[in-house]
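A quick write-up on the structure given underneath.
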């Protein structure tokens, strides 16, 4: 049985990470669409715009970096927490960081929207496991 395809969102200021993550995600065959944002502010803007447009464009999963300019991952999560009840679908968020600091890991658990904290780099198998573990995407 073929896995359902998902809308995937990458929020990370590192262009090399964005490029490699996109290529890896494409190679899994599980991504219907890959959205890319270089800071949390861009991503929040897109999500807020989706209230009034097509919510089918919303991501099923977000891979969120912590350390970014303009709006970092923590600020994104605080803003997301204020608006997520307006979405008609569940969006799974994975915090993705090169930080192995226990404080960051504990802080990520304070947000009910965060499914897990993943330490970079992420290989193809890990992306595949995370995406296959999602609830079925709405078509």
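Conditions tested, residue by residue: (1) more than 27 Å from residue 19 (Cβ to Cβ); (2) touching a residue at least 60 places away in the same chain (Cβ under 8 Å); (3) crowded, with 16+ Cβ neighbours inside 10 Å.
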| position | (1), (2), (3) |
| --- | --- |
| 52 | yes, no, no |
| 56 | no, yes, no |
| 73 | no, yes, yes |
| 77 | no, no, yes |
| 94 | no, no, yes |
- the stretch 76-107: number of residues that are within 15 Å of the chain's Cα centre (by Cα) and farther than 23 Å from residue 133 by Cβ: 2
- Checking residue 65 against (1) more than 21 Å from residue 6 (Cα to Cα); (2) crowded, with 20+ Cβ neighbours inside 10 Å; (3) in contact with a helix residue (DSSP H, G or I) (Cβ under 6 Å, 6 or more places away or on another chain), the condition it does not meet: (1)
- Note on the structure: Log entry, pairs with first residue in the stretch 110-127 being without any contact (Cβ under 8 Å) to a residue 60 or more places away in the chain and on the phi > 0 side of the Ramachandran plot, second being loosely packed, with under 13 Cβ neighbours inside 10 Å and not in a strand (DSSP E or B), beta carbons closer than 6 Å, six or more apart or on different chains, reads none
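Values in this text are rule-based calculations from the coordinates and carry no lab data. Remember, it's a predicted structure, so these values are computed and weren't measured experimentally. Please note: Cβ atoms are built from the backbone with ideal geometry, for glycine as well, and neighbour counts cover all protein chains shown.
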